[in-house]
Amino acid sequence: SGGETRTDIVRFSYENGEFQAVAGATLQGELTDEYALNEQDGYLRILLSGWDGSQQNNYVYVLDEDMNITGRIEGIAPGETIYSARFMGDIGYFVTYRNVDPLFTVDFSDPENPEIIGELKVTGFSDYLHFYGEDKLLGIGWETDAETGEQIGLKLSMFDISDPGSITELEKLVIKGIDFCPALNEYKGFLVDAGKNVIGFAAETYDDYGNSTADYLVFSYDSEAGFVQELQTGLPLEEMGYSTSDTRGLYIADA
């Protein structure tokens, strides 16, 4: 209605080999990806973005087991879109973007009153968020010009989330010259392991004639040195069918 974006959600039960639809809800907005919804203690927490009839808007919903809305926050960062999200316990994190990247923190401890408790604005945006240990959040996306929105380079950001209400950006690294990172569209393409302190992904660069070269990059993170490049090795694009989309990084034991 009125060009608004809406999402239908249906809850199913499964018993004795049969599925049955038991409850449903229609919500304003649409899901960015699978990380924008999460179930805890019988409640479904959902982050949505969509056209409200006049502009892009963002929404937070909490639904009970009967798909009734118990809590909501609407009209968040109008004109922007949710690009990435993550949940840990009672706290949800999500990134919106237009020309700067606000990282929002939502407290879901009271299902009837979800509350935004923090907001950090940095340049660019994170397409993917990944918890890095217990008190850090890794963001991977693009650095952009705050005035024009022009893409500058691939960006790694490390956020301190030890106090969810007061998040800080500990470090960022902008890798210029990268034009495409397939893992931003397929998160299995990222190798991220905080215990081994390794962050790996493939990246491509295009020349003025549309020819591409590709590398696999590996970084570690140090509280003093920040992001440290551990490896850059070329990928044989011709042998790979000129696509890095299926590139995966693996480790064996401690190697």
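The values are calculated or read from the model by the stated rules, or taken from the named source; none is laboratory data. In this text, all values refer to a predicted model and were calculated from it rather than measured experimentally. So basically every Cβ, Gly included, is an ideal-geometry build from the backbone, and we count neighbours across all protein chains shown. Please note that ligands, DNA and RNA were not included when accessible areas were found on the heavy atoms of the full protein model with its side chains. Shrake-Rupley method; radii C 1.70, N 1.55, O 1.52, S 1.80 Å.
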**Item:** Residue list for the stretch 48-70, given a label point 7 angstrom along the Cα-to-Cβ vector of Asp41 and an amide N cut-off under 20 Å
**Value:** 60-70
**Prompt:** Is the stretch 127-252 rounded, prolate or oblate when judged by the Cα gyration tensor, a ≥ b ≥ c being the square roots of its eigenvalues, rounded requiring a/c under 1.5 and prolate requiring a/b larger than b/c?
**Reply:** oblate
**Prompt:** How large is ³J(HN,Hα), in whole Hz, for each residue of the stretch 15-32 in order, when computed from phi with the Karplus curve 6.51 cos²θ - 1.76 cosθ + 1.60 and θ = phi - 60°, using x for Gly and Pro?
**Reply:** 7, 6, x, 10, 9, 9, 6, 10, 6, x, 8, 10, 10, 7, x, 9, 6, 6
**Item:** Assigned charges on the beta-carbon of Lys, Arg, Asp, Glu; the chain dipole about Cα centre (debye)
**Value:** 180
**Request:** Specify the inter-centroid distance of the stretch 1-29 and the stretch 138-167, based on alpha-carbon positions, in whole Å.
**Result:** 34
**Request:** Could you run the Karplus curve 6.51 cos²θ - 1.76 cosθ + 1.60 with θ = phi - 60° over the stretch 39-51 and give me ³J(HN,Hα) per residue in whole Hz, x for Gly and Pro?
**Result:** 10, 8, 6, x, 10, 9, 9, 9, 10, 10, 10, x, 6
**Request:** List, in order, the whole-Hz ³J(HN,Hα) value for each residue of the stretch 220-230 obtained from phi through the Karplus relation with A = 6.51, B = -1.76, C = 1.60 and θ = phi - 60°; use x for Gly and Pro.
**Result:** 10, 10, 10, 4, 9, 8, x, 6, 10, 6, 9
**Prompt:** Averaged per residue, what accessible area in Å² does the stretch 169-255 show with a 1.4 Å probe, protein chains only?
**Reply:** 61
**Prompt:** So, in the stretch 42-178, how many Lys pairs have Cα atoms under 16 Å apart, if the pair is 8 or more places apart or on different chains?
**Reply:** 5
**Fill in**
Within the set Glu18, Glu143, Glu39, GNM on the chain using Cα springs under 10 Å gives the largest fluctuation to Glu18
**Request:** Could you list which residues have their amide H under 5 Å from that of Tyr128, counting only those 5 or more apart in sequence or on another chain, with H placed in the peptide plane?
**Result:** Ile140
**Message:** As I understand it, the dipole of the chain uses +1 on the Cβ of Lys and Arg and -1 on the Cβ of Asp and Glu, about the Cα centre. Which of Val95, Phe201, Leu48 lies farthest toward its positive end?
**Reply:** Phe201
**Message:** Viscosity 0.890 mPa s, temperature 25 °C: give me the Stokes-Einstein translational D for the chain in µm²/s, with Rh taken as the Kirkwood radius over C-alpha pairs.
**Reply:** 124
